[in-house]
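Chemist: The following block contains the structure, expressed as C-alpha cells.
The values are calculated or read from the model by the stated rules, or taken from the named source; none is laboratory data. It should be emphasised that the depicted structure is a prediction, and the values quoted were computed from it without experimental measurement. Heads up, the Cβs are rebuilt from the backbone with ideal geometry, glycines too, and the neighbour counts pull from every protein chain shown.
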Amino acid sequence: MNDPVATAASAEPSVHDPEKLQTFRTKIMQQNEENASTAQADNWSDLLSGRHLAIVLVMASGVLLYAMNIYFTAALMPSIVADIGGQQYYAWVTTAFVIAAIVASLFVSRILGGRGPALAYVIAFVTFAVGGAANAASPTMELLIVARVVQGLGGGLLAGLGYAVIRAALPDRHWARATGVVSAMWGVGTLFGPVLGGFFAEFGLWRWSYGALAAVALLFTIIAQRSFAGKAGSGQHAPVPVASLIPLTLAIVAVSLSAIVPIGWPTFAAVAIGLVLLVLFVAVERRSHNTLLPRLTYRRGNALKWVYLTVAALSAGVMVENFIPFFGQRLAGLSPLVAGLLGAVLSMAWVVAQLFIVSVSSETAHRRAIRLGPLLSTAGLTAYGLLQVEGADLTTVVIWAMGLALAGIGIGLAWPLLGVAAMSSTTDPAEGGKAAAAITITQLIAFSITSALAGTLMAAGGDSVVDAARYVSLGIALLTLLGIFAAGIATRRPR
C-alpha cells in the first residue's frame, strides 16, 4: 500500500516557486485538520452527545418499549386472568400484539418517506400510548386483546423506526454503533420486562403498569418531535404491498394456531398450511413490482436475502428465553427470581458482545463475527438442550448458564453488523430505508413463527418436562443452525 504522507511529500512543488509551495502546504494542513476532525468524531462520545444523543435516545427507547412489553405482559398475565377471566384466550394476548406489530412494521418506510422521522415517531408513540391506556381500562379479555392490537400497531412502528431512522438521521460512520445501541434494547427489554411486570403484579397493579407505559410513550412523543425537527422525509410514497401482506399474515396466523390446536394431524396441518403460505409469499414478492422487502433481495447474486435469513435464524434463538424460567423451576427447583436471572443470561451476553463488536472497525473482523455468531448460538443452545435433566444440581445449572451465555454471545457478535450490512446494501435512500425496516419485519416474523413452533414442541413433550425442554431447545437450535449456512453466503466477497 502507498503511504499517503509520502505521496503528498513527493508531489510537493519545487522550492523555487514560493507562492505555489505555500498554497500547497496550506491545502495539506486543511486536509489533515479535516481528517483529524473526522477521526475524532468517529467515536462513542460524538454519538452520545448533542443532537445525536437525543436521536439515539428516541430510537433506543422506542425499541425498548416494544421489546420490554412482550415479556412485561407475560409476567402480568396471571394477575390479569385472575381479575377479568378469559384464560382460554391467554395465548392470543401476545399473538394479537405480535401480528399487529408485523403489519405495522410494513408501513415504516412508507410513513418515514412521506412524513419524515418526527411525525412518524409521533404517530408511533401516540398509537402505543392509546393502546396502553385501553389495556388499563379493559373490563374483559376480549377487549384487552383488541387494545393489544392497537398497542401492537404502535409497537411495530417503534421497532421498525429504530433501525430505519439510523440511515436517514445519522452519518454513516455512526451506523454500526447506533445499530448496536438500538439492537441492545432487545436484550435489555428481555432482561427488565419480566422484572417490572412482576413488580406491578406483586402489588396487584397490572392496570397501573399499562398506564405508566402510556405516560412514558407520551413523554417520548415530545422528545421525538424536538429531536427530529427539520428532518424531512424522502417524499416517496410507495403503495402498501397488499398482495404480499395477505399470504404473510395468514402464514403467521396458521403457524400460531399450531400451538393451540390438539397435538396430532391438526398441528401438522396448521404448520404445513403456514409453510405453503410462506412459499406463496415469496413467490408473490418475486413477481411483484411493489414488494415488502427491497427489490434487490430477490435479485440473483445479491447477498441481502442471506442477511435476512441470518437475522431470522438468530431471532429464532432469542425465543428460547420465553421457556428458560419455566424449565429452571421445574427441573432444577430454582426460585422464580433465580430462574428469571437464568433466563436473562442470554440477553446479558448478547448486549455485552454487540457493544464490543461495534467498536471493531476491521471489515475482515466483521465478516468473521457474522459467520461465528450463528455457530456459537447453535452450539450454546444445543449444549443447553442436551443437558436438560430432572433434578438438576448446581453444577448442571451453571453449565446451562454457560451454554446460554455462549448462545447470547453469538447473537450479539453478528446482530448489529447484519443491520449495517442491510443498510449499506444500496445507495438509494428509499431502498435503503426499506432494507433497514425489513430487518424488523424479518425479526418479528421469526419471533412469531418460532414462538408458535416452540409452543407446539413443548406440547409434544406431554407430561414430561424434560422431553418438552429438550424438544424446545434442540428444535430452536436447528433453526439457528440454518443461520450458519446463510451467514457464510452473506459474507462471501463479491467476485
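Chemist: In this structure, does A91 turn out to be among the aliphatic types (A, V, I, L, M), at pLDDT below 70 and under 30 Å from V320 (Cβ atoms)?
Modeler: yes
Chemist: Hey, among the residues in region 81-131 that are under 27 Å from L293 (Cβ atoms) and aromatic (F, W, Y), which one's surrounded by the most Cβ atoms within 10 Å (Cβ to Cβ)?
Modeler: Filtering region 81-131 for residues that are under 27 Å from L293 (Cβ atoms) and aromatic (F, W, Y), the one surrounded by the most Cβ atoms within 10 Å (Cβ to Cβ) comes out as F128.
Chemist: Still on this structure, please answer the following. Which members of region 299-321 meet the condition of being without any contact (Cβ under 8 Å) to a residue 24 or more places away in the chain and within 30 Å of L381 (Cβ to Cβ)?
Modeler: K305
Chemist: Right, something else. Residue check: is L196 out of contact with any strand residue (DSSP E or B) (no Cβ under 7 Å at 6 or more places or on another chain) and surrounded by fewer than 24 Cβ atoms within 10 Å (Cβ to Cβ)?
Modeler: Answer is yes for this residue.
Chemist: Follow-up question, since we're still on this one. Against the definition (surrounded by 18 or more Cβ atoms within 10 Å (Cβ to Cβ), modelled with pLDDT under 80 and under 30 Å from L457 (Cα atoms)), how does I260 come out, yes or no?
Modeler: In short, yes.
Residues checked against (1) among the small types (G, A, S); (2) at pLDDT below 95:
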site	(1), (2)
R371	no, yes
L376	no, no
G408	yes, yes
T427	no, yes
A436	yes, yes
Q443	no, yes
A452	yes, yes
G461	yes, yes
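Chemist: Can you confirm whether region 159-167 contains a residue that is over 18 Å from I55 (Cα atoms) and of a type in the set (K, R)?
Modeler: no
Chemist: Go over the candidates P262, P266, P247 one by one and state the one that is free of Cβ contacts under 8 Å to residues at least 60 places away in the same chain, not hydroxyl-bearing (S, T, Y) and not in a helix (DSSP H, G or I).
Modeler: Working: P266 fails: not in a helix (DSSP H, G or I); P247 fails: not in a helix (DSSP H, G or I).
Within the list P262, P266, P247, the selection yields P262.
Chemist: Which of the residues that make up region 269-317 are assigned to a loop (DSSP other than H, G, I, E, B) and charged (D, E, K, R)?
Modeler: R299, R300
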